[in-house]
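Values in this text are rule-based calculations from the coordinates and carry no lab data. In this text the structure is predicted, and so the values were computed from the model without any measurement. Neighbour counts run over all protein chains shown; Cβ positions are idealised from the backbone, glycine included.
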Amino acid sequence: MASPLQRERSGMLAVETLAVAALLGFAGYAALFIAPTEATMGLIQRIFYFHVPSGWTAFVAFFISFFASIAYLRTRAPKWDWLAVSSAEIGVPFIPVMLVTGPIWAKPVWGIWWTWDARLTSTFVLWVLYVCYLLLRTLIDEPERRAVVSAVFGVFAAFDVPLVYFSIWFFRTQHPQPVIGPGGSLDPTMRNVLLLCWAAMLGLFAILLRQRYRLEALRYEVARIRLEGSRRAEPVLPVGKRVNPEMAK
Amino acid sequence: MPFVRPASILLGKELRTEFRTRELLATTLVFVLITLVLFSFTFDPTAAESRRFGPGLLWLALLFAGSLMLHPSFTREQVNDTLSALRMAPIDPFAILASKILANSCFLLLAEIILLPVFAVLYNLGLLPVLGRLIVVFVLGTLALSTVGTVFSAISSQARMRELLLPLLLLPLLTPALIASVEATVGLLDDPPSLSPVWVGVLVSFDVIFLTVSWLFGEYLLEE
């Protein structure tokens, strides 16, 4: 990838955006008209083509964020921190899509909006953890500190997810719960439409991620230039005192 | 041993600092007591309900207390910049973290030793027959709380709004430990008492995983 600081060729971006928009439009059409209607649940089941892909996309985003956090701690290259925060931030809104479409589907099918089932609850906890991750980042000003500290938190959060899932799974198996979904395998057309929808969501994610990454890189550059400027203006700094780029405005 | 000796010296220092003032211990005790009393007002539980909900209330109170009392463990070092001095010592950085984790576990366990009888009396529960297994659950649960809590207090001490931030980071992450400790305790108070290996397993894996993660990644939090 070229340096994020170079001017992006707006032509390419427009083409990519149009391509993703077209893919999303086609995926929407396929989910509504091409996929067969599910036998027992009827039309409401079509929400599944948006519900599942947004969840998967969010999980991809958090995986990227987790690996970028580890890579940052190992290499200290700022680009990994940019990737970690961008991916987390773009991933976070996909979970509410999942948590809102889920109950809309669940109300007619299960008869309730929400159940404290392992998957629902652990997704919710996962989302809260990444919201906390983003919140933590806003509360530390010094860029390097922020990168290190939030990377460590990101690693802790990622290791927590399987534990949350298993503990809630064991917890809930001791209680009555609604029967989830129809058993058996997925119809091939349904599967293809599902994968198409996922591809469209991933395309959307990729485009947003790239823009967010670029934004983070530019922010970093601005902070660096400010820091340099403030150093030049005030050459004698006490040893060990850091200059906060936000305060040096 | 290059790790055990500095860690035990640091643990001694942590314990000495605390027992000079006993600030943390006193505030934790009072906080949990108040919470337990308030819980009993808000729910007014019967005997059966006490057995079912009591452990959850106790663990929640401990969790909230922990998220408040673990906070000074790093901010205390910032007053005179003593953490820099510790970092300059030629020791494994994890020794600093491990001693704080151990010290915090000690404080919490001590508080629990005092609180458990009070809890048993207030909620009318017979804890004596299951005391041995109860201790196992409480030691594992407390280690979970203090491991993640200590590491996160190192995180929150470097941020703004640190008092608010620590519970925010800590509580969602401790969900599995809370579920496991509460369910294990509920099982022990059941008639007949039983300790499900599943919950002990969840607690042990929580402790092992997060001690390992702290060992691998915790030292990054201590650098300047």
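Observations, loosely collected:
- Working from Cα pairs under 8 Å separated by at least six residues, relative contact order for chain B is 28 percent.
- Residue-wise HN-Hα couplings along the range B:188-195, as the Karplus relation 6.51 cos²θ - 1.76 cosθ + 1.60 with θ = phi - 60° gives them from phi, are 6, 8, 5, 10, x, x, 9, 10 Hz; Gly and Pro carry x.
- Shape category assigned to the range A:44-93 from the gyration tensor of Cα positions, a/c cut at 1.5: prolate
- About its Cα centre, the dipole of the range B:1-138 is roughly 260 debye, where the only charges are +1 on Lys and Arg Cβ and -1 on Asp and Glu Cβ.
- Between A:LEU18 and B:SER205, the FRET efficiency from the beta-carbon distance, with R0 = 41 Å, is close to 0.30.
- Along the range B:130-137 the Karplus relation, 6.51 cos²θ - 1.76 cosθ + 1.60 evaluated at θ = phi - 60°, assigns HN-Hα couplings of 10, 4, x, 5, 4, 5, 4, 4 Hz to successive residues, with x for each Gly and Pro.
- Positive-end ranking of B:ALA48, A:LEU218, A:ILE140 along the dipole of the protein assembly as shown, with charges on Cβ about the Cα centre, is headed by A:LEU218.
- Inter-chain shielding of B:165-177 (mean C-beta neighbours from other protein chains, 10 Å cut-off): 6
- Taking 17 Å as the straight-line reach from the Cα of B:LYS13, the aspartates and glutamates in range (excluding those fewer than 8 positions away in the same chain) are B:GLU23, B:GLU77, B:ASP81, B:ASP92.
- FRET E, pair B:ASP81, A:ALA39, Förster distance 60 Å, beta-carbon r, rounded to 0.05: 0.30
- Summary value for the range B:23-104: 34 percent relative contact order, contacts being C-alpha pairs under 8 angstrom separated by 6+ residues.
- Partner aspartates and glutamates for A:LYS79 [C-alpha distance under 13 Å; skip if fewer than 8 residues away on the same chain]: A:GLU144, A:GLU216, A:GLU221
- Loop-resident trypsin sites (Lys or Arg not before Pro) (DSSP state other than H, G, I, E or B) in the range B:102-196 with no more than 16 further Cβ atoms inside 10 Å of their Cβ: B:ARG160.
- Dipole check for the protein assembly as shown: with +1 at the C-beta of Lys and Arg, -1 at the C-beta of Asp and Glu, and the Cα centre as origin, the magnitude is about 1060 Debye.
- DSSP-loop trypsin sites (Lys or Arg not before Pro) across the range B:20-51, with at most 13 other Cβ within 10 angstrom: B:ARG22
- Length-normalised contact order for the range A:1-159 - Cα pairs under 8 Å, 6+ apart - percent: 23 percent
- Cross-link reach list, aspartates and glutamates versus A:LYS107, counting only Cα pairs under 18 Å and skipping chain neighbours closer than eight places: A:GLU38, A:ASP117
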